[in-house]
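Colleague: Here it is: the structure, laid out below.
Derivation of every value follows stated rules applied to the coordinates shown; laboratory data play no part. Quick caveat: nothing in here was measured; it's all calculated off a predicted structure. We place every Cβ from the backbone using ideal geometry, glycine too, and count neighbours over all the protein chains shown.
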Amino acid sequence: MNRTVMKLTHLLPAMMLIFGLAACAGGPRYDTSHIDTGLSAAKVAAAPAMHSGTPVVWGGVIVATRNLPDYTEMEILSYPLGSAQRPDTRRGEQGRFLVRTPRYLEGVDYAPGRSVTVSGKVARAVAGKVGEAPYTFPVIQTDDIYLWPREGNAPGSPQFQFGIGVIFGR
């Protein structure tokens, strides 16, 4: 074999590994070094004035999306974030919060059941209801919203299939 072919033979697997790892690196990369990651929606709802202006990175599952004249509001059922900053619904829920953004968010895309991770600041708390029960919702004024792909399309899930085929010929 000539040297060029041998170099390519060694270089090709390294390039495939690099591109493969880059393809798995999905999701947000919010800086949480200056954020109290133990602060939950339930804790803020219990003492909203104490946390006004506090930066947060929270996530959860969308309960409802409402497009209002000046902003879009989402009601989120909060869950702790995993290592990739994706809401971990296998762990216990941590209350509810409202996300407000001046952007228009399409309700079909930001539909109930979809997971989101948001960064922003606690703006205030508002009184509302969950069903018929009164509830205090922390309101987050967002800096950014990350809408996670549906579970079947999640980064890191297998993107290949195996099969067995038979070929008949004459």
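Colleague: Restricting attention to segment 58-105, which chymotrypsin sites (Phe, Trp or Tyr not before Pro) occupy a DSSP loop and are surrounded by at most 12 other Cβ atoms within 10 Å?
Modeller: Passing sites in segment 58-105 are Tyr104.
Colleague: Net charge around Ser115, counting only other residues with Cβ within less than 11 Å of its Cβ (Lys, Arg = +1; Asp, Glu = -1)?
Modeller: +1
Colleague: Moving to a separate point now. Counting other Cβ atoms within 10 Å, which trypsin sites (Lys or Arg not before Pro) in segment 47-124 have at most 12 and lie in a DSSP loop?
Modeller: Answer in residue order: Arg90, Arg91, Arg103.
Colleague: Based only on other Cβ atoms within 10 Å, what is the fewest-to-most ordering of Glu73, Glu132, Glu106? Write down the numbers at each step before the final one.
Modeller: Values: Glu73 17, Glu132 5, Glu106 10.
The fewest-first ordering by Cβ neighbours comes to Glu132, Glu106, Glu73.
Colleague: Please give the contour-minus-distance gain from Arg114 to Thr32: 0.36 nm per residue of separation, less the Cα-Cα distance, rounded to one decimal in nm. Mind dumping the intermediate values first?
Modeller: Numbers: separation 82, 0.36 × 82 = 29.52 nm, distance 2.28 nm.
Answer, rounded to one decimal: 27.2 nm.
Colleague: Right, something else. Please work out the FRET efficiency for the pair Ala49 and Arg91, using the Cβ-Cβ distance as r and a Förster radius of 22 Å; give the result to the nearest 0.05.
Modeller: Efficiency, rounded to the nearest 0.05: 0.20.
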